[in-house]
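This report concerns only the one structure given below.
Readers should treat all values here as calculations from the given coordinates under stated rules, not as data from a laboratory. These numbers were taken from a predicted model, which means no experiment stands behind them. So basically every Cβ, Gly included, is an ideal-geometry build from the backbone, and we count neighbours across all protein chains shown.
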Amino acid sequence: MKKLNIFAVIVTLLFGLNATAEAQITDKPGFGKFAITGATIHTVTNGTIESGIILIDGEEIAFVGENARITNEYTRIDASGKHVYPGFIDGWSGLGLVEISAVPVTVDNAELGQFNPHMYAFTAFNPHSASIPVTRVSGVTTVLSHPSSGSIAGKAAVMDLWGYSPDSMAVKKSGALIMNLPSSSGGGWWDDRSEEEIKKQYEQNLKEINDFLDKARFYNQMMKEYESDPSNKTKPDYDPRMEAMREVLAGDVPVVISVNDEQEILDAIDWIKDNDDMNFIFEGVREGWRVAEEIAEAGVPVLTTTLYTPSRDYDNYQRPYQNPGLMAQAGVKVAVVSDDIENSRNTPFEAGYAATYGMGVEEALKAVTIYPAEIFGVADRLGSLEAGKQANLFIADGDPFEPMTNIEQVFIKGYKIPMVSRHIQLYQEFLDRDAVNE
């Protein structure tokens, strides 16, 4: 009798499924040395290799190419006729911070107060979220999980989607500082404030942000002077909020600003000119196509999506799908994201829309791999298939941007992920319902 896989037993007990032990065992999850042979390898940064070989040794990719000596230490995976891609990166998600939006005790993506740069999404990340396996078996192996509250919400984290604790999953605990600038355009048709009131509120909110940043810069300067020569000096009082801003002011952690309509984008571009000691990223940017050249000139990378309703009644219905491609054509570095929680798994299809409506397949592939890796400073480990990089990749039977394509196997940090998720379990359960009823 075959020895049951512990993971499979736990899953079966938790969800009460009638899947057989034999069916679960065939996944054979594990960690070690693997040789993927015969595949079409999409390296992203070094072209496509036909009938190539990838060697995985522990957490890293040891070899990518056409000819390699494969010793008996390696478990061979015949991927003839298949395609291998780097694991996709969803650069804007609430995955791991929210389980069920309608159930408050499962929502942990916000803190009280307007300025919380010292709050880290990493510490609230739930590694056992049911949405994580659903996401990773779709080819998305890494996400930026971000907080959402106040003017400065806190630090987002770059997280791999395999592990048993936030520590084991974190690629970069300080992935980005999340900032929400006020809007000078008002709140929409339901906003009954006068233009004067809107302007006054906008200026007041912006002043509060500027004052906070001025305090952070002053604190940073004091600490630098003390650290360079502490003799005959009193050490400044420790302030966790100001301390958390130091890596941001040093340019080590980028700042993500959510902007959508044309005027918000232009206002943000003007504002960042006065804050050139920080690195900025725009998120949302739904009307980015209107001011694509201005964004490109400012040198600001963008995180955007495609599945939303056009901002204005008279806009063509295709604009959301065309938006990433139009910005990319203007010279903007664009990362396509899900902007979702439960549906972070849809990142490949978001990129598929962008590819179809002007971005092109090659650029869309970069928009979910190497570009988000570069934007968040993890391109030395993720985003492409290269020797020495972390072994985050998947094997598919076709184009992963196509909904009918099957993701057959996923590796994260070299670990051969069990291809099990809540969606797969429910599919299998209800697929056999007629046989059960008989």
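The lysines within cross-link reach of LYS413, meaning a Cα-to-Cα straight distance under 23 Å and a gap of 8 or more places when in the same chain, are LYS28, LYS33, LYS82, LYS172, LYS173, LYS366, LYS389. Within a straight-line Cα-Cα reach of under 16 Å, LYS233 can be paired with the following lysines, leaving aside sequence neighbours fewer than 8 residues apart in one chain: LYS224.
Modelled this way, with points 7 Å down the Cα-to-C-beta line, the labels at ASN275 and ARG193 are 1.9 nm from one another.
3J(HN,Hα) couplings calculated from phi for segment 160-168 with the Karplus curve 6.51 cos²θ - 1.76 cosθ + 1.60 (θ = phi - 60°) are, in sequence order, 6, 9, 8, x, 10, 7, x, 4, 6 Hz; Gly and Pro show x.
Between ASP167 and SER228, the modelled labels are 3.6 nm apart [label points 7 Å from Cα along Cα→Cβ].
Altogether, the Stokes-Einstein calculation at 25 °C and 0.890 mPa s, with the Kirkwood radius of segment 195-238 over Cα pairs as Rh, returns a diffusion coefficient of 195 µm²/s.
Here the simple spin-label model places points 7 Å from the Cα toward Cβ, and for THR405 and THR309 these points are separated by 3.1 nm.
Helix 6-15 axis versus longest C-alpha principal axis of the chain: approximately 70°, rounded to the nearest ten. Computed over the chain, the percent of Cα pairs more than 42 Å apart is 20. Computed over the chain with a Gaussian network model linking Cα atoms closer than 10 Å, the most mobile of ASP313, ASP274, ASP108 is ASP313.
Which residue fluctuates most in the GNM of the chain (Cα springs below 10 Å): GLN428, GLN322, GLN390? Fluctuation is largest for GLN428.
Of all the options LYS366, LYS389, LYS233, the one that moves most in a Gaussian network model of the chain with Cα springs shorter than 10 angstrom is LYS233. In whole Å, how far is the Cα centre of segment 282-302 from that of segment 232-271? Each part reduced to its Cα centre gives a spacing of 20 Å.
Look at where the Cα atoms of segment 102-158 and of segment 357-428 average out, and the two centres are 21 Å apart. Looking at segment 281-438, the pairs of alpha carbons with a distance over 23 Å make up 45% of the total.
For SER51, the residues whose modelled amide H falls within less than 5 Å of its own, excluding neighbours fewer than 5 places apart on the same chain, are THR40, ILE41. Listed by chain and number, the lysines placed with their C-alpha closer than 30 angstrom to that of LYS199 are LYS155, LYS207, LYS215, LYS273; residues fewer than eight positions away on the same chain are left out. Using the Karplus relation 6.51 cos²θ - 1.76 cosθ + 1.60 with θ = phi - 60°, the per-residue 3J(HN,Hα) values for segment 255-269 come to 10, 9, 10, 8, 9, 10, 7, 3, 5, 4, 5, 5, 4, 5, 4 Hz, with x marking Gly and Pro. Under 5 Å between amide hydrogens, built in the peptide plane, is the criterion, and for GLY175 it picks out ALA156, ALA157, VAL158 among residues at least 5 positions away or on other chains.
Phi-derived couplings, Karplus 6.51 cos²θ - 1.76 cosθ + 1.60 at θ = phi - 60°, listed residue by residue for segment 76-82: 7, 10, 7, 10, 4, x, 9 Hz, with x used for Gly and Pro. Principal-axis analysis of the Cα atoms of the chain puts helix 319-329 at an angle of about 80° to the longest axis. Less than 5 angstrom separates the built amide H of LYS33 from those of GLY58, THR75, all sequence-distant by 5 or more or on a different chain. Once the C-beta distance of ASP214 and GLN263 is scaled by a Förster radius of 25 Å, the resulting FRET efficiency is 0.50 to the nearest 0.05. Over all directions, the projected convex hull of the C-alpha atoms in segment 223-327 averages 8.4 nm² in area. DSSP beta bridges fully contained in the chain are about 60 percent antiparallel. Its Cα gyration tensor gives segment 131-188 an equivalent ellipsoid; the semi-axes, largest first and in whole Å, are 29, 14, 8.
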